[in-house]
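The values are calculated or read from the model by the stated rules, or taken from the named source; none is laboratory data. Please read all numbers here as calculations on a predicted model, not as lab measurements. All Cβ positions, glycine included, derive from the backbone under ideal geometry; neighbour counts span all protein chains shown. For accessibility, only protein heavy atoms count, side chains too; no ligands or nucleic acids. Shrake-Rupley method; radii C 1.70, N 1.55, O 1.52, S 1.80 Å.
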Amino acid sequence: SDSPAFTACEMYAASASVLLRVALSAGDPEELSTALEAAIRATLPGAAPISVDTADGEHVVHVGVPSVHVLAGLRGAVLSGEFDATLSQALNQALTLSTAEPAVGDAVTLRGLVKRPALNGSAGEVLSVGEAGGRCLVRLSDGSRLLAQPANLALRVEAKVDRSESAAQFEASAAALDTLTPHQQQALAELQAGAGAEQDLHLRAPAGAGKTFVALHAALSTLRTARGSRVLFVARNEALALFAAAWLARRCPAGARRRRLLGRIDLLHEPIGRGPCSLRAVRGRVERRWPAAAAEEYSLLLVDEAHHLYDNAASRAAIERLVGPRTRRLLLSDVSQAVARSIAYPAGAADVHLSEVVRCSRRIVAGAMAFQLGGEAKLLTRCHHESTGPPLRSFLFDAEREEDGGGGSGGGGGGSSSRFERYARHCMRALEHATCLFPRLALHNRVALVVPDATFREGLAASLAPILAPRGLGLATAAQAAAELGEEEGAGGEEEGEGAGGEE
């Protein structure tokens, strides 16, 4: 912040630790180190300071982040601004920074007042100095003003986290914390026990519980432990299928090992009748080729969104044709969407259940219950962590209202903008809000625009693209974004000389 005591406060997260950097222009370094460590302990339940280092007036606190549970709580506190206020309060309780020469604009706390002791501890701002008797004019937080001697003023510490840097580092840290929660580990153990018994398995869970995450761990275990094994990942959604392939690919370093791993994974997504495709890594992206190369039967057939795919006779038949005598099925279904439907799943699969939601905050879990089926059973859904999560910002508007105040069906006429142009303007309002919150955060591959269907997407893209282009931004489909590996393949990358035309 711009306070005299703390000129900068930045948070960096890497794998399982967080680094809090605080630069000082006033205060005793040793005193501040002790106070900062105490404040961190009070502010971050579940985390623990590993070390506090001081160099050139800057304090660096390494904080252990042992789990997704703790990381989610810290993320929610930082992005909501709660962390700033709590850390500042803890530091002010622990520190008393005297100011012999107050300056206009200083944030101060009153102390040592004898005639008006009730004001001690009140926060204020110095409006002027050198008043009668060398006193300072101070405006208190309630708007009132008083004259005080410099000896009765202490610099107030105000810590402020850099949200842009924090958001980027939380993202990296969440990806690095690749371990399963205890609840997910229990489910994976059940899946692996069933795999050892060569049994079909059905993992049932609400949205956000980590079904895909647990299943991908199981698939990775199959690929690593069973020599020559092959996995077919099936999903109705193209982007989800590519996300799964990219997640598995990133478990191996770029190069020959990654190419061999992708060579043992095929994808099947809509249109299901097109059949499976094989995979390769080219220029930092997962690319597909149809048809998949003829090979031995699949060791594991992993079907995500099974409640959709097995509810349709055509897709169910197409999937079952790919099951060989030694193929194990692993089905993933959303209990909130499948409970009221009679779906013809393969007989004999053993059920495994997840009930803890991980990727959502408590706020989202509570809101989602209004749309979840299952009667009282949905009350078993709970959040793995205690983070309420930052508030959600809404932009509400009448999509059909003409700009001149008249009605209309959205086609646009008489000089009024079209329906999609209005949507594009409000999308830009939302993006501008995000950039105000995170002014230094790159938007690349971090913003999703969710629309009802392909027709709507085409109409919105036509209106939005010209607005984004001057800002150096462009639109990509979810499938294109999901296929990114985040790094270029090395010079030995498979068939790098060939174009990407074999994919789409």
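A few remarks follow.
- Distance between modelled label sites at E270 and Q186, nm, 7 Å Cα→Cβ extension: 3.5 nm
- Cα-based shape type of the range 419-483, given that a ≥ b ≥ c are square roots of the gyration tensor eigenvalues and the cut on a/c is 1.5: oblate
- Between amide H atoms placed 1.01 Å from N, distances below 5 Å from A350 occur with D200, L201, H202, all of them 5 or more places distant or on a separate chain.
- Accessible-area ranking of T477, T327, largest first, probe 1.4 Å: T477, T327
- For the pair R257 and H444, the difference between a 0.36 nm per residue extended length and the Cα-Cα distance amounts to 64.5 nm.
- Chain lengthening between R429 and E171 when straightened (0.36 nm per residue, less Cα-Cα): 90.5 nm
- Annotation: amide H-H contacts under 5 Å for R230 (H modelled 1.01 Å from N, sequence separation of 5 or more, or interchain): S299, L300.
- Percentage relative contact order, the range 189-265, counting C-alpha pairs under 8 Å, at least six apart: 24 percent
- Net lengthening on full extension, E82/R283 (0.36 nm per residue, minus Cα-Cα): 68.2 nm
- Formal net charge of residues neighbouring L460 (Cβ-Cβ distance under 12 Å; K, R +1; D, E -1): +1
- Backbone HN-Hα couplings from phi across the range 85-91 [Karplus 6.51/-1.76/1.60, Hz, Gly and Pro as x]: 5, 5, 5, 4, 4, 5, 5
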